[in-house]
Amino acid sequence: SVGKSTVTRALNEISDNEYEFITAYTTRPPRPGENDKISVSDEEFDGLEQAGKFIQVNNLYGARYAPPLADVQGSISNGKIPVLDFPLHKVCELERPEYDLVDIYVFPPTVNAWMDKLNSLGRNNSTERLEAGLQELRGLGRAYESHPDIHYSIVNKHKREYEGAREIVSFIEEIRRT
């Protein structure tokens, strides 16, 4: 709820669709208008997990989420940069020998803006969700403070997602040059 999908769209607009958002599987029902998750039953999720189809499984707010390994590998094979939405405290679990991982964290402009966004989306109905989000933000402190699991971070300011996207593109280009 910090505008990750908005930043991803802006990334693609300024980079000729070089970035590909990886749609995660989840065991929770889809929200109205949601198209960035694939909702499946617990049994189907279990089967996919047992077959090794996921990079990693995340349990969050009473549901399970997992990015599909084949989609990440396909994105890389097609010359694109896969973009995943995964909680910071578990991002190290996404490491695999097949690819290099660059962790970019998108911060909300303020905690109040983040809470307003949750409220506007009807997602502020869980104390567990609020506490988890606040704990993560508290643990990170200021946006540009050093954190071992973040290679780069941006603050997604309202109506300024293209600025953040340009910063990310510049950072990725710098990595490619080195």
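Going by average Cβ density within 10 Å per residue, which order do the peptides 51-61, 94-104 take, highest to lowest? Let's see the in-between values first.
Values: 51-61: 15.7, 94-104: 12.6.
My ranking of the peptides, most packed first, is 51-61, 94-104.
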Using every pair of alpha-carbon atoms in segment 25-82, split the distances into 5 Å bins beginning at 0 and state the percent of pairs per bin, rounded to integers.
4, 19, 25, 23, 16, 10, 2, 0
State the answer as a single residue: which of Gly52, Pro30, Tyr19 lies farthest towards the positive end of the charge dipole of segment 14-54, with beta carbon charges of +1 for Lys and Arg and -1 for Asp and Glu, about the Cα centre.
Pro30
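Tell me, what is the per residue accessible area of segment 1-72 in Å², probe radius 1.4 Å? The partial results should precede the final answer.
Numbers: 3710 Å² over 72 residues.
Heavy-atom accessible area per residue stands at 52 Å².
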Scan around Val83 for amide H atoms under 5 Å from its own, H built in the peptide plane at 1.01 Å from N, and keep only partners 5 or more places away or cross-chain.
Glu20, Phe21, Ile22
What residues of segment 54-83 lie in the reach of a label at Asp46, counting those whose backbone N is under 16 Å from a point 7 Å from the Cα along Cα→Cβ?
63-65
Dipole size in debye (nearest 20) for segment 1-89 around its Cα centre, Lys and Arg Cβ +1, Asp and Glu Cβ -1?
200
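The values are calculated or read from the model by the stated rules, or taken from the named source; none is laboratory data. From a predicted model like this one, the values you see are computed outputs, not experimental measurements. A quick note on method: Cβ atoms are made from the backbone with ideal geometry, for glycine too, and the neighbour counts reach across all protein chains shown. What goes into the accessible areas is simple: the full protein's heavy atoms, side chains included, and nothing from ligands, DNA or RNA. Shrake-Rupley method; radii C 1.70, N 1.55, O 1.52, S 1.80 Å.
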